[in-house]
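Below is one structure, written out as C-alpha cells, with a few remarks after it.
The values are calculated or read from the model by the stated rules, or taken from the named source; none is laboratory data. Only a predicted model underlies this, so the values are computations on that prediction, with no experimental measurement involved. Glycine gets a Cβ as well: all are built from the backbone with ideal geometry, and neighbour counts include every protein chain shown. Remember, those area values only see protein heavy atoms, side chains included, never the ligands or the DNA or RNA. Shrake-Rupley method; radii C 1.70, N 1.55, O 1.52, S 1.80 Å.
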Amino acid sequence: MFFDGAAVPIVTLQRSAPPAAGRHLRVFDDDTFIVSYPKSGNTWVRFMLMNLMFPDEASFLNMDDRIPDIYRTSDSRLVEYPRPRIIKSHEHPDPRYPRVIYIVRDPRAIAVSSWHYLVKVRRIPETYPIRQSVEDFVAGRFFEYGTWQDHVSGWRSTRQFSADFLLLRYEDMLDDPSGHVRRIARFMGIDADDDAIEKAARNSSFASMQKLEKQAGRAWQEMAQSRMDRLFIRRGVSQSWQDELDPDSIRLIEDSWADTMNLVGYETGLSADR
C-alpha cells in the first residue's frame, strides 16, 4: 500500500498466528534481551551472537529459531525455547527485562535506513520524498515505539548504571566489530577464544549478511512479501547519511534531539558545514 499524504502511518511489524507475544510475553530471570529502536543494528547483533554461539547455523532462515523476535513469535512458543533465552525486542523500558544489550545508532542514519526499509516492504513508494519522511520520523510516525529520543532516553535513564545493561553504539561496532563481539561475549558470560571472536565478527560482516540475505530470498518469511530488488542489509557505512539527507533535514533532527544525541556521543551542527 502506498501513501500520498503528508504523514506515514505507524508501521506495525509483521505478526504471526497465534498472536505474537509482543510486550506481554512472560519473562524469566535468566533471559537476555537485545533491544534497540528499529533500524539500529538489532539484526546485526543477533548475527554476531548466532555466529559466536551457533556458528554452523547462522542464517536469516533460522535466526528466529535461536534468537526469537517477540513480534513474530507467540508467548506459548517462546516459553518452549531452551533457557537461558536470548530475545529480540524494540520495546520501551521494561523493568522485567533482567539483562539487556541495548544498541543505539545515530538518528540521522536511522532516518535514511527507515526510508529504504519502508520502500522495501512496500509501505511507501520510491517517490515519497526523503525530506517528508524525516519529518515523519522525528514526529514518531514511522514505528509504534514513539520517537528515537524517547526510546534512547528512557533506556539510558532507567538502566545505564546497571551491571546487567550493555549499551553498544552502532558506529563503534563498525569501527571495531571484533572488539564488540568480545564485549558481548564477556557480558553474556560466553567463554570464547580469539579465533572464535574473530570468526564471529568476520561472518557477521555486512558483505556476509548480504550474501546470506540473497541466498534466503523469499524463503525468509519476514521479507517474503517485500521487494527483492532491494536488500534489507544495506551499506553499513558510518555517516553515510550525509550523502542522502539535505541540510534542512539534518538540521530538523539535530534541533529536535541535539541534547540526547550529544549525550550518546553524536556530534551535531554538521549541517552548517555543508
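Would you please list the contacts, defined by Cβ atoms under 7 Å and residues six or more apart or on different chains, that run from a residue in segment 57-77 that is farther than 17 Å from G217 by Cβ to a residue that is outside any loop (DSSP other than H, G, I, E, B) and among the acidic types (D, E)?
Here the result reads R72/D64; R72/E222; T73/D64, each pair linking segment 57-77 to a residue that is outside any loop (DSSP other than H, G, I, E, B) and among the acidic types (D, E).
How many residues are more than 16 Å from the chain's Cα centre (by Cα) and either among the small types (G, A, S) or over 18 Å from P98 (Cα atoms) (or both) if we restrict to segment 151-176?
Of the residues in segment 151-176, 7 are more than 16 Å from the chain's Cα centre (by Cα) and either among the small types (G, A, S) or over 18 Å from P98 (Cα atoms) (or both).
In segment 137-151, which residues are charged (D, E, K, R) and under 25 Å from A224 (Cα atoms)?
Residues satisfying the conditions are R141, E144.
Return the pair list, or none, for Cβ contacts closer than 7 Å from residues in segment 152-179 that are polar (S, T, N, Q) to residues that are outside any loop (DSSP other than H, G, I, E, B) and surrounded by 13 or more Cβ atoms within 10 Å (Cβ to Cβ), at least 6 apart or on different chains.
S153/T260; Q160/L167; S178/I197; S178/E198; S178/A201
So, in segment 234-246, of the ones that are at pLDDT 70 or above and part of a loop (DSSP other than H, G, I, E, B), which residue ends up nearest to D175 (Cα to Cα)?
Ranking the candidates gives Q239 first.
Identify, please: which residue in segment 116-136 is among the hydroxyl-bearing types (S, T, Y) and in contact (Cβ under 8 Å) with a residue 40 or more places away in the chain and is, among those, farthest from D229 (Cα to Cα)?
S133
So which residues in segment 198-212 are out of contact with any Gly (no Cβ under 9 Å at 6 or more places or on another chain) and closer than 14 Å to M50 by Cβ?
K199, A200, R202, N203, S204, S208, L212
Evaluate segment 182-194: report whether one residue or more is of a type in the set (A, V, I, L, M, F, W, C), under 30 Å from L118 (Cβ atoms) and in contact (Cβ under 8 Å) with a residue 12 or more places away in the chain.
Among the residues of segment 182-194, at least one is of a type in the set (A, V, I, L, M, F, W, C), under 30 Å from L118 (Cβ atoms) and in contact (Cβ under 8 Å) with a residue 12 or more places away in the chain, which makes the answer yes.
Looking for whichever is at pLDDT below 95, of a type outside the set (S, T, N, Q) and within 19 Å of the chain's Cα centre (by Cα) here; the options are F60, F33. Which one fits?
Sole residue among the options that is at pLDDT below 95, of a type outside the set (S, T, N, Q) and within 19 Å of the chain's Cα centre (by Cα): F60.
For segment 65-84, name all the residues that are in contact with a strand residue (DSSP E or B) (Cβ under 7 Å, 6 or more places away or on another chain) and either of a type in the set (D, E) or open to solvent by 20 Å² or more (accessible area, probe 1.4 Å) (or both).
D69, R72, P84
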